[in-house]
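Trainee: There's a structure below that I have some questions on.
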Ligand code: SF4
């Protein structure tokens, strides 16, 4: 007699399901503190914060501050150098990596193991999930 393995029910209809991973927010963590964030996105945030701190310290006006931020971000556009896992998506998105899901990196997210108590039905029809 052979026993068949019971597989968990796939959770493709869950709003947290993205490419087999679970994007459910961790409890008690704000997005900026999330270690699952894309490292490039995180670096850009840090550069922007540093530039704004400098602008405040040097008492720059609005335009000068914007230029300082833009200048500091301009030097961090080579995504392939910033992240070894980066794979171009071929889109016009600023962060055009196939693994980027909003500010999160799909490679770091835990795999979805099937329907769980945090399941939340998607608002989109299931037929849209495979596009
Ligand atoms: S693999 Fe892509 S999404 Fe993940 S950290 Fe690198 S650039 Fe960001």
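Trainee: Report, to the nearest 10°, how far helix 39-57 tilts away from the longest principal axis of the Cα atoms in the chain, using its own Cα long axis and a range of 0 to 90°.
Mentor: Orientation of helix 39-57: about 30 degrees from the principal axis.
Trainee: Could I ask something else about it? Most exposed first by the Cβ proxy, i.e. fewest other Cβ within 10 Å, how do 58, 44 rank?
Mentor: Numbers: 58 10, 44 19.
Taking fewest neighbouring Cβ atoms as first place, the list is 58, 44.
Trainee: Measure nothing fancy, just the Cα-based angle from helix 62-74's long axis to the longest principal axis of the chain, in degrees from 0 to 90, nearest 10.
Mentor: Helix 62-74 and the main axis of the chain meet at about 60 degrees.
Trainee: Using the number of other C-beta atoms within 10 angstrom as an exposure proxy, rank 94, 115 with the fewest first.
Mentor: Values: 94 12, 115 15.
Least crowded to most crowded, the residues run 94, 115.
Trainee: Where the Cα atoms of segment 33-107 are projected onto their three principal axes, how long is each span, largest first, in whole Å?
Mentor: 40, 26, 19
Trainee: Could you give the length gained by full extension between residue 52 and residue 19, i.e. 0.36 nm per residue of separation minus their alpha carbon distance, to one decimal place? Kindly include the intermediate steps, with their values, before the conclusion.
Mentor: Values: separation 33, 0.36 × 33 = 11.88 nm, distance 3.57 nm.
Taking residue 52 through residue 19 to full extension adds about 8.3 nm, to one decimal.
Trainee: On a full-extension model of 0.36 nm per residue, what is the gain between residue 88 and residue 3, subtracting their alpha-carbon distance, rounded to one decimal in nm? Mind dumping the intermediate values first?
Mentor: Details: separation 85, 0.36 × 85 = 30.60 nm, distance 4.33 nm.
Result: 26.3 nm gained on full extension.
Trainee: To make sure I understand, if each residue's beta carbon is the centre and we count other beta carbons within 10 Å, what order do 119, 3, 99 fall in, fewest to most?
Mentor: On the way: 119 16, 3 5, 99 19.
If I rank by nearby Cβ atoms, fewest first, I get 3, 119, 99.
Trainee: Once you have the Kirkwood Rh of the chain from its Cα pairs, apply Stokes-Einstein at 10 °C and 1.306 mPa s and quote D in µm²/s.
Mentor: Details: Rh = 17.6 Å.
Translational D for this selection: 90 µm²/s.
Trainee: Using r as the Cβ-Cβ distance of residue 103 and residue 61, and R0 as 41 Å, what FRET efficiency do you calculate, to the nearest 0.05?
Mentor: Working: r = 30 Å, r/R0 = 0.72.
The calculated FRET efficiency here is 0.90.
Trainee: Something else about it: Of the beta bridges DSSP finds with both residues in the chain, what % are antiparallel, to the nearest 5?
Mentor: On the way: 8 of 8 bridges.
Counting only bridges with both partners in the chain, antiparallel ones make up about 100 percent.
Rule-based calculations on the coordinates, nothing more; no lab input. Just so you know, these numbers come straight off a predicted model, no measurement behind them. All Cβ positions, even for glycine, are placed from backbone atoms using ideal geometry, and neighbour counts span all protein chains on display.
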